[in-house]
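The values are calculated or read from the model by the stated rules, or taken from the named source; none is laboratory data. On a predicted model such as this, the values are computed, not experimentally measured, just so you know. Here the Cβ positions follow ideal geometry from the backbone for every residue, glycine too, while neighbour counts run over all protein chains shown. Protein only, heavy atoms only, side chains kept; ligands, DNA and RNA dropped before computing areas. Shrake-Rupley method; radii C 1.70, N 1.55, O 1.52, S 1.80 Å.
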Amino acid sequence: MATILFITCNLKPVENSSSQTAAKVFLEAYLQYNSNDVIDFIDVYRDPIQRIDIDVLSGWDKLLKGHDFNALTRDEQKKILRINRAADQFAAADKYVFVTPMWNLSFPAELKVYIDSVCVAGKTFRYTEEGPKGLLNGSGKKCLHIHASGGFHYGKEEDHSVPYLKAVMNFMGIKNFEAVVIEGMDAFPHMREEIMEKGCNACRQVAAQF
Ligand SMILES: Cc1cc2nc3c(=O)[nH]c(=O)nc-3n(C[C@H](O)[C@H](O)[C@H](O)COP(=O)(O)O)c2cc1C
């Protein structure tokens with residue numbers, strides 16, 4: 001039995017969202033093959049995600065200098081505990097599904113806030129003399145990114161969504177990464193149905209072996 005973190009990042013209801021519609025198809029197909037898996041949903045817009053703010057930074061700094069956790073201010077303690085909880089939940093998952101819209105050549109900023117809350121030294125990566133090393137490697141973890149964009153960016157230098165997510169997962173040690181990119185629905189509205197069908201079929205295919 002695997003645990004999946006299913007991370008969405010969208011203000012729209014599912015029926016108005018291309019990425020979430022395709023993700024729903026993925027999940028339904030996936031559960032047919034893996035009915036006992038546990039799915040933990042994170043909605044980075046609606047769930048409280050702890051931002052890295054001045055309390056988090058000053059608390060980390062004090063801990064690095066050898067201060068006891070109890071010596072931190074109440075806010076520092078509270079916020080660091082929230083970050084640690086998010087990072088622990090992330091580290092404990094077996095599989096990750098990110099579902100995002102393209103916004104201005106990347107995904108919405110709320111997802112970056114979430115990523116910052118789980119990239120925690122000592123939990124998902126560590127510093128070594130040769131530079132940072134991912135701690136989530138070697139455990140068969142895998143990641144799927146389902147991403148929708150109105151125009152065409154995938155594979156171009158301007159795309160900061162899929163390549164960034166792939167890089168940051170790799171940074172934490174998760175090298176098994178694949179993407180389903182659904183693009184061009186706004187550029188070619190007359191082809192919307194065809195594009196969506198292709199994206200949903202790709203999701204069904206990935207679900208069979210994810
Ligand atoms: C604020 C905003 C910014 C957007 N920026 C881009 C963009 O840079 N490139 C693009 O191709 N589409 C852009 N779009 C269009 C969305 O990528 C498109 O509507 C896509 O279907 C969003 O996925 P969703 O339907 O799952 O929300 C943008 C849409 C919004 C609302």
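Please determine, by comparing only the residues of the stretch 167-179 that are closer than 18 Å to residue 26 by Cβ and open to solvent by 10 Å² or more (accessible area, probe 1.4 Å), which one is nearest to the ligand (Cβ to nearest atom). If we take residues in the stretch 167-179 being closer than 18 Å to residue 26 by Cβ and open to solvent by 10 Å² or more (accessible area, probe 1.4 Å), then 179 is nearest to the ligand (Cβ to nearest atom).
When residue 194 is tested against the conditions (1) part of a helix (DSSP H, G or I); (2) closer than 17 Å to residue 140 by Cα, the lone failure is (2).
Is at least one residue of the stretch 107-125 closer than 20 Å to residue 47 by Cα, of a type in the set (Val, Ile, Thr) and within 16 Å of the ligand (Cβ to nearest atom)? Within the stretch 107-125, not a single residue is closer than 20 Å to residue 47 by Cα, of a type in the set (Val, Ile, Thr) and within 16 Å of the ligand (Cβ to nearest atom).
Checked against (1) among the basic types (Lys, Arg); (2) under 30 Å from residue 24 (Cβ atoms); (3) surrounded by fewer than 16 Cβ atoms within 10 Å (Cβ to Cβ), residue 142 passes all but condition (3).
Scanning the stretch 7-30 for residues that are within 27 Å of residue 49 (Cα to Cα), open to solvent by 10 Å² or more (accessible area, probe 1.4 Å) and among the hydrophobic types (A, V, I, L, M, F, W, C) yields a total of 4. With respect to the conditions (1) within 22 Å of residue 23 (Cβ to Cβ); (2) surrounded by 13 or more Cβ atoms within 10 Å (Cβ to Cβ), residue 104 lacks only one, and its number is (2).
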